[in-house]
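J.: Provided herewith is a single structure, encoded as structure tokens, for subsequent inquiry.
The values are calculated or read from the model by the stated rules, or taken from the named source; none is laboratory data. Given the structure is predicted, the values throughout are model-derived calculations rather than measurements. Reconstructed Cβ throughout: ideal geometry from the backbone, glycine too, with neighbour counts over all protein chains shown.
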Amino acid sequence: MRFFKNINQSRRTFLLTSATASALFSFVKIAKATSMKAPKTHVMNTSEVAMTVNGQKQNLTLDTRTTLLDALREHLHLTGTKKGCDHGQCGACTVLVNGRRVNSCLSLALQHQGDEIQTIEGLGTPDNMHPMQTAFVKHDGYQCGYCTPGQICSAVATLKEIDEGIPSHVTPDLNGKPQLTNMELRERMSGNICRCGAYSNIAEAITEVAGGKS
Amino acid sequence: MRPFTFARANNTDEAVQSIQTSKRAKFIAGATNLLDLMKLEIEKPDHLVDISHLPLKTIEDTEEGGLRIGALVTNTDLAAHPRIRRDYEVLSRALLAGASGQLRNKATTGGNFLQRTRCPYFYDTNQACNKRDPGSGCGALQGFSRNLAVVGVSKSCIAQHPSDMAVAMRVLDAKLETIDSEGKRRVMGVEELYTLPGDTPHIETILKPNELITSVLLPKPVGGKHIYQKVRDRASYAFALISIAAIIQPDGTGRIAMGGIAPQPWRKNEADALLTKGAKAVVDKLMENAQPTEQNKFKINLAERTLEAVIRESRG
Ligand SMILES: Cc1cc2nc3c(=O)[nH]c(=O)nc-3n(C[C@H](O)[C@H](O)[C@H](O)COP(=O)(O)OP(=O)(O)OC[C@H]3O[C@@H](n4cnc5c(N)ncnc54)[C@H](O)[C@@H]3O)c2cc1C
Ligand code: SF4
Ligand code: FES
Ligand code: FES
């Protein structure tokens, strides 16, 4: 608790000091501000990028700062892909880029020139669901559903990664073929956080699609 | 995020030319660390050179029997490469212990070396941090330092280097190949790459701003039992409290590097030489002049116990 106290105290002192300082020096600050160049934050740089999204060619002109996630949601209105943390920590934004799963929040859209992107909308539709989507429904692999598009994209890619022989942290023999065990699934899906804790049902859904090998 | 201009480089030449656009220009590869820090305005480049399309994505045999790994090879591809799995298992294991499947698919070999610390005060722009804002003080010294470094630290900064991959690279005696805007190439060991914080913790490596990592060289395999042991607060998707990369030969000699305890992967030849004497001797040597805080002194004990487990495993 000592640490909390210290931090609070120093923060209060800091606030007081800075309040006094700004009261005293506001005149100086204004004088300075007028001589300053226009703040750079008003500049917007745009650039073009062409990518394929769910099989459709897209040519976009974007603010250079646009993430792949924001390009999908805000520009292409593909809102199935979710923004959870926006910092690579939750997996809600998982999409497939050239067949590999990535966090679309930690990628600049402009870096995807020529790439093939697949989102949850591209995996299946309500009338024509992907087997992984069907299995999630059947096994109740969600509660609120917010993490679900990311979970499903990640799950599809996970099975492909196992199939391609890509090892994981829990693969006992790096030179053998990874098996689809419950341990493997849990480790490989650890980049997708579910706030509702639907994990066991998610694992069941994935296992069913994989052919019940676990 | 601050505005920036953006250029896509098709080859290394274009990359090292474009980086000269501005003093605050930066390369961007997998983007998993730089973009994160840009969103928080901890990194504020005004020009980005996208190197993710550079043709540096292959892993090739060298004449010496080692490997040359392109700087843009992803962490997934590196961990899964048949020769890495067979001859440099400690590297596969370290990579697979890091981040998540999604992140490893994007993170690159070059970018992984240069990822920045996970010190919580570095990330919180309301807090004092000499690394982010030189001269502002260090919030961690009197604050939450459980995750931070115990050795190689200074009064200015006790941040740890968070990479798992770099710890394995250090134990393998890997070298980095670079090229700068003048076309000058150089080769440096991992031990040369990183600088200690001293009173300039904002300087972390010897790389110049216009210097591009092109590849990483692994010397020919040294055999032995390869182990990467990572201790963390949850079983997956978490940074190391401490980690050990070890290559131990049948006679008990070998080498070890530690992660999570220092501002860089931590290895000492004198400590390697003590391996046959047991974990305590090695850790005492590695922890010489350690300056732990009340909150992270447990790492010294933990290091010894983890090394004991590693040595036991190497015999089993
Ligand atoms: C949620 C989360 C969890 C994570 N967990 C772990 C973990 O457990 N263990 C671990 O080790 N890591 C972990 N990471 C970090 C991850 O490994 C790094 O972010 C990644 O390796 C950085 O590589 P990148 O290619 O994305 O780099 P970028 O973000 O593109 O770049 C990082 C830096 O390197 C520079 N750079 C990149 N390539 C070059 C080059 N070729 N030449 C010169 N400069 C270059 C850039 O200018 C930038 O300064 C985690 C990250 C996140 C977001
Ligand atoms: S330990 Fe280093 S990175 Fe962390 S607050 Fe102190 S100066 Fe900043
Ligand atoms: S929104 Fe991308 S990982 Fe959380
Ligand atoms: S179903 Fe609610 S977060 Fe996963």
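J.: Restricting attention to helices (runs of 4 or more DSSP H) lying wholly within the range A:114-202, give those where 2 or more residues are within 14 Å of chain B (Cβ to nearest Cβ).
T.: Answer list for the range A:114-202: A:148-163, A:182-188.
J.: So which residues in the range A:165-178 are touching a helix residue (DSSP H, G or I) at 6+ places or on another chain (Cβ under 8 Å) and of a type outside the set (A, V, I, L, M)?
T.: Answer for the range A:165-178, where residues must be touching a helix residue (DSSP H, G or I) at 6+ places or on another chain (Cβ under 8 Å) and of a type outside the set (A, V, I, L, M): A:Gly165, A:Pro167, A:Ser168, A:His169, A:Thr171, A:Asn175, A:Pro178.
J.: Which condition number does B:Gly98 fail, the rest of (1) within 22 Å of A:Asp173 (Cβ to Cβ); (2) part of a helix (DSSP H, G or I) being met?
T.: (2)
J.: Scan the range B:55-69 and give yes if some residue there is crowded, with 18+ Cβ neighbours inside 10 Å, within 11 Å of ligand 1 (Cβ to nearest atom) and closer than 21 Å to A:Ser104 by Cα, otherwise no.
T.: Scanning the range B:55-69, I find no residue that is crowded, with 18+ Cβ neighbours inside 10 Å, within 11 Å of ligand 1 (Cβ to nearest atom) and closer than 21 Å to A:Ser104 by Cα, so the answer is no.
J.: Right, here's the next one. Somewhere in the range B:71-93, is a residue within 16 Å of ligand 3 (Cβ to nearest atom) and touching a residue at least 60 places away in the same chain (Cβ under 8 Å)?
T.: Checking the range B:71-93: not a single residue is within 16 Å of ligand 3 (Cβ to nearest atom) and touching a residue at least 60 places away in the same chain (Cβ under 8 Å).
J.: Within the range B:152-161, can one find any residue that is touching a helix residue (DSSP H, G or I) at 6+ places or on another chain (Cβ under 6 Å), modelled with pLDDT of 95 or more and of a type in the set (D, E, K, R)?
T.: no
J.: Same structure again: Among the listed residues A:Gln56, A:Gln143, identify the single one that is out of contact with any helix residue (DSSP H, G or I) (no Cβ under 8 Å at 6 or more places or on another chain), at pLDDT 95 or above and within 16 Å of ligand 4 (Cβ to nearest atom).
T.: A:Gln143
J.: Further question on the same structure: Taking the condition in contact (Cβ under 8 Å) with a residue 24 or more places away in the chain, more than 24 Å from B:Phe27 (Cα to Cα) and away from ligand 3 (no atom under 16 Å from the Cβ), does B:Ile158 pass?
T.: yes
J.: Just checking, does the range A:171-183 include any residue being β-branched (Val, Ile, Thr) and in contact (Cβ under 8 Å) with a residue 60 or more places away in the chain?
T.: Within the range A:171-183, not a single residue is β-branched (Val, Ile, Thr) and in contact (Cβ under 8 Å) with a residue 60 or more places away in the chain.
J.: Which ones in the range A:93-113 are within 7 Å of chain B (Cβ to nearest Cβ) and in contact with a Ser or Thr (Cβ under 8 Å, 6 or more places away or on another chain)?
T.: Selection gives A:Thr94, A:Arg100, A:Arg101, A:Val102, A:Asn103, A:Leu106, A:Ser107, A:Leu108, A:Leu110, A:Gln111.
Quick grid of which residues meet (1) assigned to a loop (DSSP other than H, G, I, E, B); (2) more than 9 Å from ligand 2 (Cβ to nearest atom):
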{"position": "B:Asn112", "(1), (2)": "no, yes"}
{"position": "B:Gln115", "(1), (2)": "yes, yes"}
{"position": "B:Tyr121", "(1), (2)": "no, no"}
{"position": "B:Asn126", "(1), (2)": "yes, yes"}
{"position": "B:Asp133", "(1), (2)": "yes, no"}
{"position": "B:Ser136", "(1), (2)": "yes, no"}
{"position": "B:Gln142", "(1), (2)": "yes, yes"}
{"position": "B:Asn147", "(1), (2)": "yes, yes"}
{"position": "B:Val151", "(1), (2)": "yes, yes"}
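J.: State whether one or more residues within the range A:104-112 are part of a loop (DSSP other than H, G, I, E, B), over 8 Å from the mean Cα position of the chain (by Cα), small (Gly, Ala, Ser) and surrounded by fewer than 18 Cβ atoms within 10 Å (Cβ to Cβ).
T.: Checked the range A:104-112: no residue is part of a loop (DSSP other than H, G, I, E, B), over 8 Å from the mean Cα position of the chain (by Cα), small (Gly, Ala, Ser) and surrounded by fewer than 18 Cβ atoms within 10 Å (Cβ to Cβ).
J.: I've got another one for you. Out of all the residues in the range A:91-100, is one or more in a helix (DSSP H, G or I) and either within 23 Å of A:Ala203 (Cα to Cα) or not β-branched (Val, Ile, Thr) (or both)?
T.: So far as the range A:91-100 goes, no, none of its residues is in a helix (DSSP H, G or I) and either within 23 Å of A:Ala203 (Cα to Cα) or not β-branched (Val, Ile, Thr) (or both).
J.: If you don't mind, there's one more thing I want to ask. Out of A:Ser168, A:Ser104, I need the residue that is more than 16 Å from ligand 4 (Cβ to nearest atom), out of contact with any Asp or Glu (no Cβ under 7 Å at 6 or more places or on another chain) and closer than 16 Å to B:Ala99 by Cβ. Which one?
T.: From the options A:Ser168, A:Ser104, the qualifying one is A:Ser104.
J.: Quick one: count up the residues across the range B:85-117 that are more than 15 Å from the chain's Cα centre (by Cα), more than 8 Å from chain A (Cβ to nearest Cβ) and surrounded by fewer than 24 Cβ atoms within 10 Å (Cβ to Cβ).
T.: Going through the range B:85-117 one residue at a time, the tally reaches 1.
J.: I would also like to ask the following. Could you please let me know if B:Asp77 is of a type in the set (Asp, Glu), in contact with a strand residue (DSSP E or B) (Cβ under 9 Å, 6 or more places away or on another chain) and surrounded by 22 or more Cβ atoms within 10 Å (Cβ to Cβ)?
T.: yes
J.: How many residues does the range A:80-92 contain that are away from chain B (no Cβ under 12 Å) and away from ligand 4 (no atom under 16 Å from the Cβ)?
T.: So the count comes out to 0.
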